[in-house]
Every structure is written in C-alpha cells, then in structure tokens.
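Heads up: the structure comes next, in structure tokens.
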Amino acid sequence: MGRGGSRGGGRGGRGGRKPFRGGNKNNFRGGGRDNRTESWTDIPRQNELFESYYRMGGFLEEEEFEQMWKALATDLPNSFRFTGTKSDALAVREIFKERYIPAITAMDFEGQPVEPPKPVEAFPDELVWDMKTHKKIVRRYAPFADFQKFLVAEAASGNISRQEVVSMIPPHFLDVKPGMVVLDMCAAPGSKSAQLAEMIHGDEEERVQKAANNESPNTDDGGDYSDDGRSTGLLIANDTDYKRAGMLVHQVKRLNFPNLIVTQHDASIFPSIELPSTSGKKQYLKFDRILADVPCSGDGTARKNPNVWGKWTPKDGLGLHNLQLRILFRGLQMLKKGGRLVYSTCSMNPTENEAVISAAIQACGGVTKVQLVDCSDHLPKLKRKPGLTKWKIMDTSTVPGSNEKTAHLFTNWDAFVKAKAKYEKEEPERVFSNKLVPEVFPPVATSEEERIPLERCVRVYPHLQDTGGFFIAVLEKLDDIKVGQLRASNNEAILREAKAESESATPANKDEMEIDSTEQTEEPTPAGNQSPLKRKLENTEDADAEAKRTKTEDTPAEPTVPKTEDQEETPAAATNGSTPAPTKEVVKPKPEQQSQSKEFFEYLPADDPNINQILDFFGISPRFPRDRFMVKNKEGLALNKLYYTSALAKTIISANKHRGMKFIHCGVIVFVAHKIKDKDLMRAPWRLQNEGIRILEPWANNQRVVTCTSKATLYKLLIEMFPKLPKEGGHDIGEVGDQLQDKEIGCCFVRIEKSEGEDGFPFRMVLPLWRHPGSANLMVDKDDRKAMLLRLFNEKDPVIKNHVAEKAKAVQDAKDAEEAEEAERELVEAKEEEADATADAGEDGEGAAAPAVEQA
Ligand SMILES: C[S@@+](CC[C@H](N)C(=O)[O-])C[C@H]1O[C@@H](n2cnc3c(N)ncnc32)[C@H](O)[C@@H]1O
C-alpha cells in the first residue's frame, strides 16, 4: 500500500504530491563540471534529496539521525598515521609528541586556544592521530609552520601517512599475517595498500637480522619465515584507472617492499594468475586475504568533498551496485577456502553496501559457501553500528518534456513493480531510472539457516567518533564457489539506463522534483516526514555527479587479458544462474583506461657475472639469494639499475608476463651503476641505493660496513655533502672517517644502531656512503637530508654545504666572467668598427655599419 498520504490511494496525474520545500537553490546542481568559485567553507552543506533519503530510509532513529546529519555538515578533522615498522613508527611518534604537542598547545588561533592533536582511541599504540584545526589553517597560519614542515617532511619520507581515519579500518579487519598472499583489488591511491604491505612485512628486519646471525626468528605471529626470516607473503595492488594506477605506483614505491606487484586491470574480470605446475594440470594463485575497497558514490565523504552536497542523487549508488557486486564476486572466486575478504565503501547507502553483500553471498550459493564474520572483537574501541537488515530504496522518474523529476521510496521489489504498473496505466509517459534491480532490496530468507546475518556488517557514521561515514563487511569463504552467469537483468538495466539518460536529458534550470513514498511496509514513516516533497529546482542538468568516485560506465573493456581460471575451466553455459557477469557497455576507451607504458621485468640468472662481482665486493653472504635480481630492459642486461624482488613475486611475474597480465610495478632498486671518472680505481662501479639498502645490509660482512656511533658525526655527514677525507692527514668526520681511511674507493654501508641517551639514536638506520679518493659523501638526496636534520636535530632550515658544487660553480662563474669580458671586448671593437664604417660611409656615401653592430 502507498504509505500515509504520500501517493494517496487514488492519484490522478501528479495529484497527491506536495511541494518539496525549504531547499537551497544551489542544491541539485546537476552534473557536468563543478564550476563553483566559492571556497569549500562557503558551499551550502544542504541537499534535500540526500537528506530525505537518509532521514526517511529508516537507517537511524530520528534523534541519532539529527546528530549524524549535523556532524556530516562540519569539517573533517585533520588525521594522520605513523607508519612503517612498529619501532620506527613509535620513535617518530615520540619526536612528534615531545616537540610539537607542547608547541601547538601553547598556540592561539583567532583568540581561541588551539586544540592539540589527539590519538584516535579506536586504534592501538597511539599511532593514529587527529586534530580539529582544518588542514588549510595548519598549512597557512604561520605559527603552525614548524608542525606543517614536520608533517610534510615525514609524509615525504614515508613515516607519516595523511589518511582519513575511517579509511584505516579495513586493513585492520583483514587480519593479515606476514606470510600471506594478499590482493588489493581497487588500490589507488594506495593508502590501504601501504597498511597491508606493513602488515605483510611485519617485523621482517629484526627476523632477518636474527636469521643472518644464525639465531631463530623466534616469533609466534603465525608467519612463514622459511626464507631466512624474510616474509614469504605478497601484496598485489591493482587499479583499473590509468592515472590512478600511476599514483598508486608513486605511493607504493616509497615503501621499498620487494613483496609487492602493481597491476592495472578491471577488478571484476581480474585475470587468474598462473603458477608453475609439475603435474601438467594448470594451477592458479588463490589469495589468503583480499581487500575490495570498491568504487562508490562516496556520500560518506561529504565532510571533505563539497561535490556530495551539490550533486547527490540516488542514481549514484544504484548505478554502481552492479560493478560493486561483480568486483566482490570476482574477489570471492579468487579467495582461498578459509580465506578472508573485506568489502568496504565510503558510502552509507545500503544499495552499495548490505545489498551488494547479500547479492554476492546469494550468487555464491548462500551462507554455507560464504559467511559474514562477526568482527566485534576487531578494533574493539571503534564505535560502530550494525549493518542494516531492512532498508528503503530511492529511485527517480521523469516525464519527458516536462522538466519534472520525481523521487520515490520503495521497501521491496514488489512495491516497485506494482507502482510502476500503476504508473504505466495512469501516466504511461513517465519513465523510471531503470537502475533498480531486485538485488538492491533487502534479501528475503525462507528459513533462519538461509538468513544472511547482515547485522554483522559494520557501519561507521560521522557522529560516532568524528569521522567520515564508512561501511565494512568481513567475509570468509567456507567452500568452493561454482561459476555461473549473472542474472542478465543487472547489466541490461545499466545499458538501458545509459541509453535513457542520453535520450531524455532534461533541459537545465527548470525542473521539479518530488519525493513519493510508494511502499509496502508495516513501519509507518515518522509523521514529520510523511509529506511527499516537491520543489522547483535550478540547474538540474542530470549528469554524473563529480562526487562519484567512479562511474559505472568507467568499466573498461579489456579484450586482451587472460581469461579467469573459472572461465577456462568452466564452460560459460555451466551456470547456477547466479554468477555476476561482466557488463559489456563500454565502447569508447577513455584516456584513464589506457595502460601504463610497458615495463620490462627480466630476471638475471643466478650466475650472472655482474651480480656475483657486486655481491662479492660488498661482502654479501652466499646465503643471500642471487637469483632474484631483475632488470627493466627488454634485453635483460645489467646496464644501469638492478632491482630485487621476493621469490613469489619472481614466480608470478615470470609465469604470467607473457599471458597478457598488465604488471606496472615490481622490485626495489638495490644497485645503480656509478658512472664517474675514478671508475678505474674501483672493483665494482655500482653503488648501493637508499631504497634497497636494508634488504642487503644484514647479510654484509664488515668489508664495506662502517658504523656511526655519534650524533655529531652524523650531523657533519648530513650537513656537508663532500667532507674532506684525505688518504693521509686529518678529517672532520669522526669515527666514520677513521674507518673509511682503510676502505678502498667505492660505496659502503653506514650502520647506525638505535641507542639510548642524549647522544643516542631513536631508531636504527642504514645509509649508503661513497668513499671518494679525497672525500666521503652520504648518498642521500637534499630533501631526505633536510628531513633527517629536522627529525633528529630539529634543524628547520638547514643550509647543506656542497664544496664540490661550490667549486664547480666558482669555476663556471669564472668562465662566465671571462666570457662576459670577451663579449664586452667584442662589443667595444664592433662599435669602433661601426664608427669607422660610418666615417668611411660618410666619405664614400655607403651605409655598411649596422650588421657589424648586430653581430657584436
Ligand atoms: C575507493 S577508491 C580506492 C581507495 C584505495 N583503496 C585507498 O585506500 O587508497 C576506488 C578505486 O577503484 C578504482 N576502480 C574503479 N573501477 C574499478 C574496477 N573495475 N577495477 C579496479 N579498480 C577500479 C578507482 O580507480 C579508484 O581508485
């Protein structure tokens, strides 16, 4: 039955609809470009359709809804996370606490004391912090300058990740152990990938250190350390978007993690990864853990994303449901039996959340195949709400030519079908969005055993702990999933909708919109919300909201990718009638769907003479694997850079690079060819690289290692680029200089152990240094030097001396001065010639002087 008086029992034309009042004219800006020039703080944080859906959809009790809505309209706190190995992260956190918290606490802003950053209670070890002061103020207000400099330097060094609090939750729920094989299906820009990589890495350096010293790694964290303490795990981080995949590579490169591969594929048809097999039967990689942080409408990001307020429509969520379902289903296919998948969105819309979870579980064969995990014991201090078991769906309809758009709320598919049938009789010209499919409604279980416990999903609302809105569900695969075919309706709906949208584009500026609650429900709508709403709108061009983090149509066609194993093993006809199938709607390739430029990943043989010469020069133990070095040129030659990857990364790259897989990044640079004049003096003209130095260092004997034990020495090495180090005679670089006296020309490891006290080092460091015939140089670039000087010595604007560059500049300046003098001389001569020529011309009547002056 129609609810309350909304549509009324009998309706004629548009009778029964009441005005949608009190709207802000800037709402429903429609699609197209966001050309606003107001600052974010000036943008009205109102959108009545958005508000009506969340108010009337029955998601929160009225009082709590008000709190949530109020929080959603305020600025998001500024949050960040200390990253890396736990001991390094804790050390940087301590520096931050000692140096910046007191300074910020003493500050005023516009006459008010500034609230200092506080640890976010939901996360362990005080590694996650937030502060109320908006990041724009921190960036621009002078008293924050030191703190801002610290944040920027540490973020660039990878010790801090400036990440939204809610976005840090999914990796925690995934429960990753160091040896696990993990897939991040939609990974760009990569903040969660970084967390996952940290988890796979675990405390690898300490374990390797022990293994190299022939001690047992002695850990009970459940990891597999059969590879001399190294993590045998792997992270594959994937994103389909060309530009965002580029950002992802940039982000993950800083992790210097050899157990990581970046791919660029549509996650809903992610290719199966072949493994070498001795049995003759094809074997494919299955994942222990998968993160599906899918593209979504992003309405939970309204606190930081102004577009949500301007452009929210119910179509955003409805249009993404199918893509989200297909990505999740593909993820579940690729999961190991007993493996865990976390599905997450930054949307609060059940269409994109509970509806996707229930449709995927049903598509897999129900709760005996895939179960929703109760994760109340994960991040127990995280304030959360249970997943929804009932919800309403909003859809819109239009009458072509009338500039009118009506919004409707339905509680189930039947209500929608009936309402539509009624409209077809009474107002046949009315067109519905065609995005609605049965799967977006709450599932109806025929028995308690079949019921999907959607309340186990996790909803984080903005008011609970002052964050954005977020949704997380943890799924465990209990049994193998048979492959079938998606109900075609989902995909046809998208196609039909795309067509309908292009055919019935509404003219801008004159539109009407109504909300009509057509439903079959026992719950009455709260009295205050029963009126159907209608309003005149400005600028209602109905295009995609920019707030969408992706569009349905963005699904790229990938004709060249290898088939999924299931496609290979199972004929398409073998169907259980429920498997999501790919949409075929994409015709036009867009720039963002292009591939990253082709990278070559060629491994050098274990007996490569270059590798053996280099490792011997650096005194690397024969226990260090020699068959995992890679080069990135087609010919597979050790020309310029040598990369190291984990064993599993090598296996996967080698077995799949010719199968059409788009690998766009793998490997950590460990050695770079050193092209300088004193090459003849060296046995190994290769230098260690900051990125990969910690992979090698535990395995190095003392041949090329020097230890730095005093802060004064490190300071000298950082502040000066080529401190003098004559073979005989004095130097100014303490114990490091003394040890270097005996070392032959070339690169060395500088080892700095963690130590207590005033002159101690807060964490362990290993840095590359080049020993020249008359000087030494830490091979750390200027920005990293500055970051280290700030972190360790609180030097805010250090001037880094470089006497070699100064000398070169002096030589160049002298040369320039000489050239300038020469030019001056020529000019004078030319002028004299000109004067002579003019004088001559005066005598014989010819003007021949001008060119001579020009030449000068
Ligand atoms: C919510 S964002 C991911 C954020 C990321 N997990 C992080 O923490 O930094 C969703 C991502 O999905 C990507 N995407 C959209 N459609 C996709 C598809 N079919 N396959 C894989 N990635 C897709 C988008 O490019 C976008 O980067």
Going through the cross-link list Lys177/Lys381; Lys97/Lys711; Lys598/Lys634; Lys149/Lys192, which pairs have a Cα-Cα distance over 18 Å in this structure?
Lys177/Lys381; Lys97/Lys711; Lys149/Lys192
Out of residues 5 or more away from Ile160 or on other chains, whose amide H comes under 5 Å of its own, with H placed 1.01 Å from N in the peptide plane?
Thr83, Ala155
Cα→Cβ-extended label distance, 7 Å offset, between Lys385 and Phe793, nm
5.4 nm
Likely footprinting exposure, Glu198, Glu758, fewest C-beta neighbours within 10 Å first
Glu758, Glu198
Give me a comma-separated list of calculated 3J(HN,Hα) values for the stretch 749-764, in order, Karplus coefficients 6.51, -1.76, 1.60 applied at θ = phi - 60°, integers in Hz, x for any Gly or Pro.
8, 9, 9, 10, 7, 5, 8, 8, x, 3, 8, x, 9, x, 8, 7
Residues Phe144, Phe416 arranged by fewest to most Cβ contacts within 10 Å:
Phe144, Phe416
Residue by residue through the stretch 291-304, the couplings from Karplus 6.51 cos²θ - 1.76 cosθ + 1.60 with θ = phi - 60°, in Hz, x for Gly and Pro, are 10, 10, 8, 6, x, 8, 5, x, 6, x, 9, 4, 6, 10
List the residues, sorted by chain then number, that are 5 or more residues from Asn802 or on another chain and whose placed amide H is less than 5 Å from its amide H.
Met721
Rounding to the nearest 20 debye, state how big the charge dipole of the stretch 701-801 is about its Cα centre with +1 on each Lys and Arg Cβ and -1 on each Asp and Glu Cβ.
260 debye
Can you tally the lysine pairs in the stretch 760-831 where the Cα-Cα distance is under 21 Å and the two residues are eight or more apart, or on different chains?
8
What ranking, highest mean first, results for peptides 796-809, 236-249 when packing means the other Cβ atoms within 10 Å averaged over each residue?
236-249, 796-809
I need the shape label for the stretch 692-812. Rule: rounded when a/c is under 1.5, else prolate if a/b > b/c, else oblate, with a, b, c from the alpha carbon gyration tensor.
oblate
What does the highest-first list of 332-338, 118-124, 457-463 look like by mean Cβ count within 10 Å?
457-463, 332-338, 118-124
Mind checking the full-extension length gain between Lys70 and Gln741? Use 0.36 nm per residue of separation minus the Cα-Cα distance, one decimal, nm.
234.8 nm
Residues whose built amide H sits under 5 Å from the amide H of Leu260, excluding neighbours closer than 5 in sequence, are Leu235, Ser646, Gly667
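Taken together, the values in this text are just the output of simple stated rules run on the coordinates, not laboratory data. Since the model is a prediction, treat every value here as computed from it, not as a measurement. Because the Cβ atoms are built from the backbone with ideal geometry, glycine has one as well, and the counts that use them run over all protein chains shown.
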